[in-house]
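The values are calculated or read from the model by the stated rules, or taken from the named source; none is laboratory data. All values derive from a computational prediction rather than experimental measurement. Cβ sites come from the backbone with ideal geometry, for glycine too, and all protein chains shown count toward neighbours. The area values use the complete protein model at the heavy-atom level, side chains included, leaving out ligands, DNA and RNA. Shrake-Rupley method; radii C 1.70, N 1.55, O 1.52, S 1.80 Å.
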Amino acid sequence: MGTSVQVTPLSGVYSDNPLSYLLSIDGFNFLVDCGWNDHFDPSLLQPLASVATTIDVVLLSHPDTLHLGALPYAMKHLGLSAPVYSTEPVYRLGYMTMYDHYLSRKQVSEFDAFTLDDIDSAFQNIIRLTYSQNYHLSGKGEGIVIAPHVAGHLLGGTVWKITKDGEDVIYAVDFNHRKERHLNGTVLESFTRPAVLITDAYNALNNQPSTRQRDQEFLDSVLKTLRADGNVLLPVDTAGRVLEILLILEQYWAQHHLSYPIYFLTYVSSSTIEYVKSFLEWMSDSIAKSFEHTRDNAFLLKHVTLLINKSELENAPEGPKVVLASMSSLEVGFSHDIFVEWATDAKNLVLFTERCQFGTLARKLQADPPPKAVKVTMSKRVPLVGEELRAYEEEQNRIKKEEALKASLSKEEDLKMQHGADDNVIDPMVIDSSTANPSSDVTGPSVGIHRDIFIDGFVPSSSSIHPMFPFFENSVEWDEFGEVINPDDYVIKEEDMDQSAMLGGADLDNKLDEGSANLILDSKPSKVISNELTVDIKLFFGLHGLEGRSDGRSIKSILAHVAPLKLVLVHGSAEATEHLKQHCLKLVCSQVYAPQIGETIDVTSDLCAYKVQLSEGLMSNVLFKKLGDYEVAWVDAEVGKTESGMLSLLPLSTQPPPHKSVLVGDLKLADFKQFLASKGIQVEFAGGALRCGEYVTLRKIGDATQKGTGSQQVVIEGPLSEEYYKIRDYLYSQFYLL
């Protein structure tokens, strides 16, 4: 029987809700993605809450809230304590995203789903991996290998490959096959015949124009508004697709020498760009090569001004401008406030670059564009003054006194518990009036009232214990390595950490801009005031497909090429999911699943895999040849059993029969064309075949969708000649001969 695999969606099926899935491999539980929406609705996390304590490992695929937004909350409130794995950009940019969301929410509400400390605690222990790095799990996960691969879409975006006993489980959501300005396309097509592929149907019904046409339409919309003296608002995410948009604008402004100002406004804009500058090795080949030759960093933005406060934008010169502001949902953040201010001017433009989350203001406007009147809530945080401030301070003083009293009582109780055993020992320095019977010449005549007894010097004790000052011996434990250390003695107390953060940690470990850090450390008492407005929206709206995901046509082509044995579809509307499911059942594989939330499906491989031991006698005569990450060899052996009952391959007792040569490998005609050209052979494609030299032709025949099954053949045709044999030898060199 193959490796046992079960998949249980916790969120994000038959809808555009956040992504979160439980993947169990031989009883080892993975949580792949831990997303939340921009509303931070706790009800979405109920399925996760029921399994959070059973999670063994968390895998994160992208640095946005839809893929990691619930991580701080789950670790603080749901009991999630498993190690977390991601790439370095997902870790850093996800950190920035969560900080920006918290600060945006905190400015307009008493947000308490998580705190900055909760974000720090959740992210500080994330284990970062590089692309194609095979990481071997230990303990309960012994034998499982995880590896991140390029997904596209967002910087650091990951396709996770999980391998157990030679069977691959691939998790690939929100991937993009297209090469963009700052990202390479996904490598999903390089995987063939995995046991299980988990992917999304988000764009299954959408087809996109070419990248050049898409970018030109986007720029035309922006320039048309600017030239008409209007302002352009681009609601964007914190550190995801905004990077591609910044490069599009930056490069176009530089090429055409435009002077319209561009502003990037988030609470963490400066820190975000500083981190991105250090991630060139995670970006497209063109950016890496450009840096190698010219030492120019693509994100040294010369035409974009980074802002962290709305007052900086208000102080900017009057005139047409482009503002990229978070959040893309228009629910909170700078984009919400700017939208309300600009909405009544018909010259302005709000340009969405992707479909926004369901239920948000942005999604409602996309579904029903203006002009129309919309009710919005304007909120802001203001300092307390007058009676409110005095009442707040009195309440805080009362709380502090209660806490101090509790701490004092607790300390006294601890001392009593610690030294309770000594209470029964008579202290010779204390005189008990109930037992003392002094002489009358010392105390004077008795008058029938209680008197204190004063004695100068030490009084000899009636017991054998000599008078001593109190002394409590600290017993030290020792083992074979020396003194036993208590780690708690070396842990910095929380109050000390708070003080050091307030005094010397104003930059919060360089995670924030100075202005954002000051905003966090501002401890002035404040409150949130809100009022509801009806805004008559007259500005123009636009939607351009800059979301960076593969479209429906490309998804179908990629799935046919990968040809998984079993396919699980998640994250997408009910219509898109059902459409892609029916397509794949006909053209990709016979086992396609689309489970509901909480529904566990068993996608255990149908292959019969056995563990066998290779005997030393057999291995001594086997010649291995390296094939990618593996080594292959032809083996003639007999099946036996070891003393423990395990299957074993033993050398044949007779001479092995001859076998036909086997060519192992996958030939791509485009690559072979370049190889022949490098050898000086004239080569070109003609009618789907490769024309080599004057007379020799190469073509592939068979079912291209069943790649890796041996159903495809490479045919070489031409007259027997020196050229024919030379090209045949070159062809054989592309394979491994067994």
Worksheet, complete the sentence: Applied in sequence order to region 535-542, the curve 6.51 cos²θ - 1.76 cosθ + 1.60 (Karplus, θ = phi - 60°) yields integer Hz couplings, x standing for Gly and Pro, of 9, 8, 7, 10, 5, 7, 10, x
Discussion item. Report the gain in length on full extension from residue 358 to residue 302: 0.36 nm times residue separation, minus Cα-Cα distance, nm rounded to one decimal.
Written reply: 16.6 nm
Practice prompt. Please turn the phi angles of region 277-292 into ³J(HN,Hα) values with the Karplus equation 6.51 cos²θ - 1.76 cosθ + 1.60 (θ = phi - 60°), one per residue in order, whole Hz, x for glycine and proline.
Written response: 4, 8, 10, 4, 5, 8, 9, 5, 4, 5, 5, 5, 5, 4, 5, 5
Worksheet item: Amide H to amide H, which residues 5 or more places from residue 183 or on other chains are under 5 Å from it, using H placed in the peptide plane?
Response: 284
Discussion item. For the chain, take the longest principal axis of its alpha carbons; what is the angle in degrees between that and the long axis of helix 574-587, to the nearest 10 within 0 to 90?
Written reply: 40
Item to complete: For residue 627, enumerate residues with amide H under 5 Å from its amide H, sequence gap 5+ or separate chain, H modeled in the peptide plane.
Response: 632
Item to complete: Measure nothing but the geometry: give the 0 to 90° angle between the long axis through the Cα atoms of 494-504 and the longest principal axis through the Cα atoms of the chain, rounded to 10°.
Response: 70
Response to the item:
From most to least accessible, 1.4 Å probe, no ligand or DNA/RNA atoms counted, 252, 135 line up as 135, 252
Worksheet entry | Two-decimal log10 I(q)/I(0) for the chain, as the Debye equation yields it once each C-alpha is a single scatterer, q = 0.06, 0.09 Å⁻¹ | -0.53, -0.96
Practice prompt. Averaging sequence separations of C-alpha pairs under 8 Å and six or more residues apart, then dividing by the length of the chain, give the relative contact order as a whole percent.
Written response: 17
Fill in: Phi-based couplings in Hz for region 187-198 (Karplus 6.51, -1.76, 1.60; Gly and Pro marked x)
9, 4, 5, 6, 8, 10, 6, x, 5, 9, 10, 9
Worksheet item: What FRET efficiency comes out for the pair residue 667/residue 132, r = Cβ-Cβ distance, R0 = 25 Å, nearest 0.05?
Response: 0.65
Discussion item. Quick query: amide H of residue 526 versus all other amide H atoms, modeled in the peptide plane; which residues come in under 5 Å with a sequence gap of 5 or more or a different chain?
Written reply: 384
Worksheet entry | Given charges at beta-carbon only (K, R positive; D, E negative), |dipole| of the chain in Debye | 4220
Worksheet item: Contour minus end-to-end for residue 290 and residue 490, with contour as 0.36 nm per residue of separation and end-to-end as the Cα-Cα distance?
Response: 67.1 nm
Worksheet, complete the sentence: Descending packing, highest mean Cβ count within 10 Å first, for 478-487, 39-48, 23-32, 724-733 is 23-32, 39-48, 724-733, 478-487
Worksheet item: Relative to the longest principal Cα axis of the chain, at what angle does helix 386-419 sit, 0 to 90 degrees, rounded to 10?
Response: 80
Worksheet item: If packing is taken as the mean number of other Cβ atoms within 10 Å per residue, what is the order of 371-377, 398-404, highest first?
Response: 371-377, 398-404
